[in-house]
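Written below as structure tokens is the structure these notes are about.
Every read-out reported here was derived from the displayed coordinates using simple, explicitly stated rules and does not represent laboratory data. Computed from a predicted structure; not experimentally measured. Don't worry about glycine lacking a Cβ; one is built from the backbone with ideal geometry, like all the others, and counts go over all protein chains shown.
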Amino acid sequence: MKKEKTLLQEFVKGIDEINPVMKQALGLCPTLAVTVSAINGIAMALATTFVLMFSSLMISIIRKLIPSQVRIASYIVIIATFVTIADLVMKAKFPAMSKALGPFVPLIVVNCLILGRAEAFASKNNPLKALFDALGNGAGFLIVLFIMGSIRELFGSRTILGFHILPHSFEPMLIMILPAGAFITLGLLMGFKNAYTERVKRKEREDIVKNYRAVSKLESTNQGL
Amino acid sequence: METITTNPSYKLELSSSPHIHSRWSTKHAMWFVVSALLPSVISAVIFFGIYQLIVIGVSVLFSIITEAAIKKIRKKEITVTDGSAVITGLLLGLVLPPNFSLSATALGAIFSIAVGKEIFGGLGYNIFNPALVGRAFLQAAYPVSMTTWKNPNYAVDTVTSATPLSAFKFDKIFTQTENLFLGNVSGSIGETSAIAILIGGIFLVAIGIVNYRIPLSIILGVVIFGGIFWIIDPYKYPSPLFQLLAGGFLFGTFFMATDWVTSPITSKGMWIYGFCISLIIIMIRLFGGLPEGVMYAILIMNSVVPLINRYTRSRIFGERR
């Protein structure tokens with residue numbers, strides 16, 4: 001039997017352990033498409049988090065009422081409702097941002113991250129847990145999109161969030177604004193993340209081995225005495 | 001492979017396969033390739049000035065530094081002396097346009113080695129030719145400066161002009177064949193002089209470092225496919241001779257497509273690889289939006305080399321299909 005996770009753990013796991021982009025490889029389409037600048041990435045992630053939160057909560061609440069044969073259709077209807085809200089609010093309040101993100105806000109409906117979390121988590125757990133899971137995944141998504149957006153904006157247009165960072169002598173690299181730059185950035189980020197995780201794991205294992213040896217040595221000397 | 005013969009009185013030699021050794025190691029072959037590239041370096045200096053030597057130098061230097069740094073970080077043996085990083089640097093430097101900025105050159109060299117080669121695990125594991133990866137990156141990152149062609153030193157009046165291929169593609173201007181042959185045309189610094197490349201390339205084929213099948217099949221392919229179009233309409237499509245001498249064709253054929261790591265290992269596979277490269281080159285040159293397609297043709301075919309190797313594997317005697 002697996003140990004029950006606390007709410008905080010449900011939240012944290014979305015950022016690191018099962019980070020939607022880095023580990024589950026979900027929601028790659030907006031990750032690659034809208035991260036031309038950091039602010040676009042943040043806006044996209046916030047819109048996605050909003051939809052993710054409310055749809056997870058809703059699905060979790062009515063999870064026992066949905067017949068399993070038509071569950072996907074039901075999820076999509078719920079998700080589409082919140083996406084419509086997000087889209088209309090953005091159009092009314094932040095028209096410039098809405099224009100910059102283009103069709104990617106309505107496309108949150110088919111973002112596999114949201115459907116993935118609904119299917120894998122919200123439909124099996126209580127509303128409070130589903131809410132924290134959604135928040136954690138949203139936070140993980142936000143962090144990755146912000147990092148991607150910052151890197152691409154830094155090399156593609158010398159700024160981060162509109163602030164000039166690199167000097168004018170630096171010629172902006174067009175590739176970082178193009179899709180190719182998004183793929184390269186994401187690939188390198190995933191690679192570094194995996195390398196780091198591996199290293200941490202290896203260190204833990206080595207520590208265990210070291211401690212074990214120390215203990216066994218101690219025991220053998222005791223026996224000798 | 002080392003044989004265990006520490007004590008000469010031992011009669012029995014122990015070693016793992018391969019048991020037949022060549023006199024040459026990777027190191028020797030790499031330095032032969034470097035020397036085969038020297039004529040192109042000289043032609044670059046003659047036609048585009050001494051500054052190009054600095055560009056090539058920066059490219060080589062940063063390739064070596066990047067390789068050593070990554071090996072150091074990964075705690076692997078530092079294998080810079082095998083010359084593969086030098087070759088990547090040289091190749092990258094030679095396919096850049098004249099008077100290219102030094103910082104961008106350094107960036108391209110770092111990208112070539114880091115992303116083109118070391119990310120896959122180093123020499124022998126890379127899928128794509130590292131120098132071409134670097135050039136493709138620079139092409140996408142700085143499209144304007146990568147297509148600003150300074151005139152060679154012995155050309156008339158203008159400061160910049162179109163390369164023979166883009167002159168043909170966009171303005172229907174033919175370039176004189178002898179200029180193409182000597183290299184007195186605008187283009188990437190190492191690729192313009194056909195004669196310099198042929199000296200190095202034929203040297204490599206003659207001493208057996210480059211398998212003749214790859215350059216031969218690419219050249220034959222271009223002659224055949226280019227010839228078909230030329231026969232159909234000689235005014236609209238260029239002659240096969242122009243296709244052979246213009247642009248980066250010869251340089252790519254002899255030095256890029258024949259990279260040991262990224263080309264097929266079977267004879268049949270080499271023919272397939274070469275013909276496909278030439279077909280893609282002709283398609284891009286005649287019908288694509290770009291004037292030159294050698295780089296992309298080689299990169300595309302590099303990506304299918306494992307597949308070619310698998311399907312052209314020789315059958316074990318008696319094996320059923």
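Classified by the C-alpha gyration tensor, the stretch A:151-200 has a prolate form. Its axis ratio a/c, with a ≥ b ≥ c, is 1.5 or above, and a/b is larger than b/c.
So, counting K/R as plus one and D/E as minus one, what does the shell of residues with Cβ under 15 Å around residue A:172 add up to? Residues close to residue A:172 contribute a combined charge of 0.
This ranking places A:112, B:276 by how few other beta-carbon atoms lie within 10 Å of each, fewest first, which gives A:112, B:276. Between residue B:224 and residue B:316, residue separation times 0.36 nm minus the direct Cα-Cα distance comes to 29.8 nm. Quantify how much of the Cα-Cα distance distribution of the stretch A:8-203 extends past 19 Å, in percent. Value for the stretch A:8-203 (Cα pairs over 19 Å): 61 percent. Taken along the Cα-to-beta-carbon direction at a fixed 7 Å, the label points for residue A:197 and residue A:107 span 2.5 nm. Residue exposure proxy: B:170, B:111, A:155, B:181, ordered by other Cβ atoms within 10 angstrom of their Cβ from fewest to most, comes out as B:170, B:181, A:155, B:111. Projecting label points 7 angstrom from Cα along Cα→Cβ for residue A:170 and residue A:88 puts them 4.3 nm apart. If we count every other residue with Cβ under 13 angstrom of residue A:59's Cβ, Lys/Arg +1 and Asp/Glu -1, where does the sum land? That sum, taken over residues with Cβ under 13 Å, equals +4. Seen against the Cα atoms of chain B and their longest principal axis, helix B:84-94 is set at about 0 degrees. Remark on the protein assembly as shown: ratio of C-alpha radius of gyration to 2.2 N^0.38 Å is 1.21.
A Stokes-Einstein calculation at 10 °C with viscosity 1.306 mPa s, built on the Kirkwood radius of the stretch B:214-312 over Cα pairs, returns a diffusion coefficient of 119 µm²/s. Calculation over all alpha carbon pairs of the stretch B:26-145 in 10 angstrom steps from 0 returns a P(r) of 15, 47, 32, 6, 0 percent.
Distance from the alpha carbon centroid of the stretch B:69-121 to that of the stretch B:171-222 works out to 24 angstrom. Pairs spanning more than 24 Å between alpha-carbon atoms, out of A:193/B:117; A:129/A:203; A:23/A:64: A:129/A:203; A:23/A:64.
Extension gain for residue B:154-residue B:307 works out to 50.5 nm (0.36 nm per residue, less the C-alpha to C-alpha distance). Taking a label point 7 Å from the Cα of residue A:96 along the Cα→Cβ vector, which residues of the stretch A:141-166 have an amide N closer than 14 Å to it? Within reach of a label on residue A:96, which here means backbone N under 14 Å from a point 7 Å along Cα→Cβ, the stretch A:141-166 contributes A:161-163. Neighbours of residue B:76 by Cβ distance under 12 Å: Lys/Arg scored +1, Asp/Glu scored -1, total +1. Applying 1/(1 + (r/R0)^6) with r as the Cβ-Cβ distance of residue A:190 and residue A:119 and R0 = 35 angstrom yields a FRET efficiency of 0.90. Here, chain B has an Rg and a Dmax of 20.8, 76 Å when only alpha carbons are counted.
Among the listed pairs B:71/B:268; A:210/B:75; A:13/A:99; A:99/A:124; A:93/A:124, a Cα-Cα separation exceeding 29 Å is found for B:71/B:268; A:13/A:99; A:99/A:124; A:93/A:124.
Nearest 10 degrees is fine. How inclined is helix A:71-93 to the longest principal axis of chain A, computing both from alpha carbons? On a 0 to 90 degree scale, this one is about 60. Per residue of A:168-176, other chain Cβ atoms within 10 Å of the residue Cβ number 4 on average.
For the protein assembly as shown, a crude dipole built from +1 on the beta carbon of Lys and Arg and -1 on the beta carbon of Asp and Glu, taken about the Cα centre, is about 1780 debye to the nearest 20.
Dipole magnitude for the stretch B:26-145: computed about the Cα centre from +1 point charges on Lys and Arg Cβ and -1 point charges on Asp and Glu Cβ, it is near 280 debye. Positive-end ranking of B:300, B:19, A:134 along the dipole of the protein assembly as shown, with charges on Cβ about the Cα centre, is headed by A:134.
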